[in-house]
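The block underneath contains the structure these notes are about, expressed in structure tokens.
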Amino acid sequence: MTSLFNNYARRSVHLVKGQGTIVTDDQGKEYLDFTSGIAVVSLGHAHPAIVKTLQEQSEKLWHISNLFESPEQEKLAETLTKETDLACALFCNSGTEANEAAIKLARKHTGKHHILTFKQSFHGRTFGAMAATGQEKIQQGFGPMLEGFEWLPFNDTDALENAVNEKTAAIMLEVIQGEGGVNSIEPVFAKAIMEACEKFGILLIIDEVQTGIGRTGTRYAYEQTALKPDIVTLAKGLGGGFPIGALLAGKELFDTFGPGSHGTTFGGNLLAVSVAQTVVDHVFEPAFLQGVQDKSTYLKQQLTAALPADNYSLRGNGLLIGIHSNEEIGPVIQKAEKQGLLLVPAGTNVIRLLPPLTVTNEEIDQAVAILKKILV
Ligand SMILES: *Cc1c(COP(=O)(O)O)cnc(C)c1O
């Protein structure tokens, strides 16, 4: 026994520093970090701009209460919603908390509590987000679940049409299911979702906790689809490594969260908001997003050339790429680590590639060479 709970299957590597895509362990061994802390370290480790922001803000003021006005939060909210149909934001500390807020907002706004979500989704570990998550293994042992959720097969238009009605408050989905195996929404299904939402006045909640803030090559992944969300949730990449989550919503929802209706002590903490502002200012630059798309194309080309098509297929967009294998990929993750490449799985047979958005083509070449050595 150790003095830490055993709730993570921890690997026996102790990482002590990082720079860009490279992390170093306590033995001085270097690794290419193609996990980026599970889509968190969007600008790479120790990016000079965010280090500077954090240093400067830490000398001014760390934390005030949300009882005081916050031009800093206001500015970040404006940056996140600019040139979208979304109009307002509130800040919290994690993905699951952003989703809790989304569920509460949808219930309060519609006066209904029936929410449709999808199998293989992942929305978090707190009671609302866990109930929304369509995976038995996440819910096992924690019942009874929060009422009102129904988990439909993803990309199944018939199942969707049979399930929606006047009682449906919201549909909640990931544009690309990250934890569930890097499964992208199909264009016909996205259209069917929009038709259902319009027909019954259903709110659309898009969980962009993993796909948001440039990860898929656009600011938000939904921008590449026909989906028009009423509510968007963010976390992971938003703080580039500093914990922060956000809920964005259309202006019709503005009045639903009045004073005292929802909140959190740490939400929108000055350190978190100042770092997130720097991250978003970098990532939302059109040239930066174009760079993510170019690197994605390059990564896919190199992987396609390196891996036998009979055994491996690629999924995903931007720098959220899944290599789907016919076999269990646990051993691959271990071998890659020995060779100096850090990877995360998605489910049992998908290798997930989530490099920092600042990864270089040379680093992509090195990672693909390691994968080729192991997989071919
Ligand atoms: C990681 C994740 C969450 C949960 O975020 P936490 O910050 O771990 O609570 C929710 N939704 C999606 C899509 C995620 O990938």
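See the values below:
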| read-out | value |
| --- | --- |
| Estimated inter-spin distance, GLU147 and LYS75, nm [label 7 Å along Cα→Cβ] | 4.6 |
| Span per principal axis, largest first, for the Cα atoms of the chain (Å) | 55, 55, 49 |
| Region 1-119 - share of DSSP beta bridges that are antiparallel (%, nearest 5) | 100 |
| Size of region 293-376 as Cα extents on the principal axes (Å, biggest first) | 29, 25, 21 |
| With eigenvalues of the C-alpha gyration tensor scaled by 5 and rooted, region 200-355, Å | 33, 18, 16 |
| Exposed GluC sites (Glu not before Pro) absent - longest run of the chain, DSSP non-H/G/I/E/B, at most 10 other C-beta within 10 Å | 167-376 |
| Global geometry of region 16-138, whether rounded, prolate or oblate, following the gyration tensor of its Cα atoms and the 1.5 cut on a/c | oblate |
| Pairs of Lys in region 1-86 closer than 22 Å at Cα, counting only those 8 or more apart or on different chains | 5 |
| Pair HIS63, PHE288: separation of 7 Å Cα→Cβ label points (nm) | 2.7 |
| Label-to-label distance, nm, for residues given as LYS300 and GLU30 (7 Å Cα→Cβ offset) | 3.0 |
| Within straight-line cross-link reach of LYS300, lysines at Cα separation under 16 Å, skipping those fewer than 8 residues along the same chain | LYS372 |
| Reachable lysines, given that their alpha-carbon falls under 23 Å from the alpha-carbon of LYS137 and they are not under 8 places away in the same chain | LYS119, LYS236 |
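Since every read-out is calculated from the coordinates, none of them should be taken as a lab result. Quick caveat, the model's predicted, so the values are computed rather than measured. Reconstructed Cβ throughout: ideal geometry from the backbone, glycine too, with neighbour counts over all protein chains shown.
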